[in-house]
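Step one of this worksheet: look at the structure below.
The values are calculated or read from the model by the stated rules, or taken from the named source; none is laboratory data. The model shown is predicted, which means the values in this text are computed figures rather than measured ones. Counting neighbours? That spans all protein chains shown, and the Cβs are built from the backbone with ideal geometry, glycine included.
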Amino acid sequence: MRLIARLLAMLAAAMLAAQPVAAQSILRDAETEAFLEEISAPLVEAAGLEPDNVDIILLNDPSINAFVAGGQAVYIHSGLIDAADTAEEVQGVIAHELGHITGGHILRYGEGMASATRITLLSMLAGIGAALAGAGDAAMGIMMAGQQAAMGKFLAFSRTQESSADFAGAEYLSKAGISGQGSLTFFGKLLNQEYRYGYSQSDEAGFYRTHPLSGDRISALREVYEKDPAWGRPANARNQANFERVKAKLVGYISKPSATLRDYPETDQTVPALYARAYAYHQNARVDLALETADKLLATNPDDPYFLELKGQVLLESGRPTEALEPLRRATELTKAEPLIAGLFGHALIATEDKSNYEEAERVLRAAVGRDRRNPFAWYQLGVVYAARGDTARARLATAEQQVMSGEYGLAMRSAQAAEGGLDHGTPDWIRAQDIGMQARALLERQCEMERKRNCAPG
């Protein structure tokens, strides 16, 4: 009976859905998002997708990876930006991921999983039958062979999708007039990484991979890219300059200051190096050096909104909100109230603790969340304004907005219910409170089901 119990346990395990990927923090920065949108725009158009429906999202993860999940969202790890040396390398990755979207690979993922699961279940049932008949060794052999076949089928399915996305990405790069050299260079980096970690490039090893071997991908794509008219086209200088800024900014923000100062030494007075060091100094609470470096950046371009944002951020987070107002107000004006920058400006207005600034703060923050509702920080600050003037119901509504985006679904549900009770029936805010409450409940139930593998709906 021990063998049968083991087989039954493995059967049950095979029937469970895959565990969800652990949540990763999203990195939001106005300049970085503008850059990613700009370099992806021609590729999105080439893919025949609606630009407003495609999101390029940066995750704080040091691994070199990108993926597509849910709808038309492309997620890029910060480690990929750090590993890349050119904007064209990043464009090659984005083009590949768009190939997954146009190929419907996320929707078809279930097909590959279902096919593999069927093989696994059938083999396990056959194994149980053999065990009941007294053929224990045969039962285990049947089961293991079935698992091997299921794995092979799913991995082959995955590799086919990756190859399809590779060639679709090559097509989009071509239509956009972007050379495939960046794409090949990045695949070369992946190949070097595989060698570094001892991953075999043999056909046998390739059988156990979800992706085709990088060497094979390079060979196949090189034939396509070298024939393309865009192959010898020079890189876009503007994109490359903006990439170097964004990369340096990212390094300065997420890396240890010592590492940043090593990679961008004082002798380097270029804009990217100044950018990286300013954030490193700010991390180390070296306010004077951070402000001095921000002023050096502004000396190169006094009307650069992102340099102004940097100076305002350093002043605000160093406890000098009143001084932060001028650069942040100017940055907000220059970007036509870009939501992330406007949200920071609204925060500075509130942080002055000057009640005369609250009306402007409310106006700025309402405009920010009106253009970008996925901004929990701005919602939180708006809630502070409402609470300060005694509008408890709208303060709770703003809090609910912030909580549901932060994954605090239970708190969001309760805040939405409290807001609903204090708002006039049938008003837009009342309806929104109802919507958030229902959304939070659904997300809470889904979270429960993923964690406990059972139906968590009431009743």
Close pairs from segment 28-56: first assigned to a strand (DSSP E or B), partner among the hydroxyl-bearing types (Ser, Thr, Tyr) and crowded, with 21+ Cβ neighbours inside 10 Å, Cβ under 6 Å, at least 6 apart
Ile56/Ser40
Can you tell me which residue in segment 354-369 is farthest from Gln381 (Cα to Cα), limited to those that are of a type in the set (Asp, Glu) and touching a Leu at 6+ places or on another chain (Cβ under 8 Å)?
Glu360
Given the criteria at pLDDT below 80, within 29 Å of the chain's Cα centre (by Cα) and farther than 23 Å from Phe186 by Cα, does Ala156 qualify?
yes
Given (1) at pLDDT below 95; (2) surrounded by 15 or more Cβ atoms within 10 Å (Cβ to Cβ); (3) over 24 Å from Arg446 (Cβ atoms); (4) of a type in the set (Gly, Ala, Ser), index of the condition Ala87 fails:
(1)
Over segment 340-368, the set of residues farther than 25 Å from Ala285 by Cβ, under 25 Å from the mean Cα position of the chain (by Cα) and crowded, with 24+ Cβ neighbours inside 10 Å is Ala342, Leu365, Ala368
Inspect all residues belonging to segment 325-335 and state whether any of them is outside any helix (DSSP H, G or I) and at pLDDT 95 or above.
yes
Among (1) under 16 Å from Gly169 (Cα atoms); (2) modelled with pLDDT under 90, there is one condition Tyr199 misses while meeting the rest; what is its number?
(1)
Can you work out which of the residues in segment 238-252 that are touching a residue at least 40 places away in the same chain (Cβ under 8 Å) and not aliphatic (A, V, I, L, M) is surrounded by the fewest Cβ atoms within 10 Å (Cβ to Cβ)?
Gln240
Which residue is farthest from the chain's Cα centre (by Cα), if the candidates are limited to segment 285-300 and must be under 15 Å from Gly319 (Cα atoms) and not basic (Lys, Arg)?
Asp288
Spot the failing condition for Gly421; the list is (1) free of Cβ contacts under 8 Å to residues at least 40 places away in the same chain; (2) within 30 Å of the chain's Cα centre (by Cα); (3) closer than 22 Å to Gln439 by Cα, and only one is missed.
(2)
Tell me which residues, restricted to segment 390-424, are in contact with a Pro (Cβ under 6 Å, 6 or more places away or on another chain) and buried (at least 22 other Cβ atoms within 10 Å of the Cβ).
Gln402
